[in-house]
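Quick note: the coordinates plus some simple rules give every number you see, no bench work behind them. Being a predicted model, the structure only gives us computed values, none of them experimental. Quick reminder, even Gly has a Cβ in these numbers, built from the backbone with ideal geometry, and neighbours come from all protein chains shown.
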Amino acid sequence: MPSLLSRTSAVAGLCAAALAVPATAYAAPAASAASVRFAGGNGAIADRALAQAGSYGGQCKQFVNDIVREASSGRVLLGGGYYSDFQRAGAHRVSAKKAAKGDVIQLNVPGAPDSFGSGMHTAIVVANLGSHKFKVVDSNWVGPTRVGTHVWNPYTRAADKGLNVNIWHF
């Protein structure tokens, strides 16, 4: 067994070698989390959803869950809740003005955003048309459990149903 002195020298040598490595070697890559999680960036979410237009999509939230999982090659998993699922998955809220292709619009119950309430809906932004209007792709809006596109003002629906609008960007 090596002596205490030789073990101490070895440890000191390793510590000195670690100090010689530049701090940038430990830094995360400069690419955004979205570009790492979604090949093609956040817009890949919308592209994947648009490819499903006309097909069975099920309920709106589950459709978005499935599309986000597929677009991220399984790296982003949303659960059965609403608001907290997006937070847990690393999404952050953006304003209507900053919403972009691939962002997710979620209508939530005020004061209980993980609860289900009448009138809630989840959709994926295809294009921001301004003035709180969006071209979206979603399921269960243009027809029962069908995927389709339409122009939507979520703020009008939220006001009618007493809900909040949250727009999530990954």
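Expressed as a whole number of Å, what is the distance separating the alpha-carbon centroids of region 123-160 and region 56-119?
Rounded to whole Å, the Cα centres lie 14 Å apart.
How big is the Cα convex hull of region 119-158 in projection, averaged over all directions, in nm²?
Averaging across all directions leaves 2.6 nm² for the Cα convex hull.
Under 16 Å between C-alpha atoms is the cut-off here; go through region 58-170 and count lysine pairs that meet it, provided they're at least eight residues apart or on different chains. Don't skip to the answer; put the middle values down first.
Details: Lys97/Lys133; Lys97/Lys135; Lys98/Lys133; Lys98/Lys135; Lys101/Lys133; Lys101/Lys135.
So the count of such lysine pairs works out to 6.
Filter the chymotrypsin sites (Phe, Trp or Tyr not before Pro) in region 70-129 to those in DSSP coil with at most 13 other Cβ atoms within 10 Å of their Cβ, and list the result.
Passing both the DSSP loop test and the Cβ count: Phe116.
Dividing the Cα radius of gyration by the Kirkwood radius, what Rg/Rh value follows for region 44-170?
Radius of gyration over Kirkwood radius for region 44-170 works out to 0.92.
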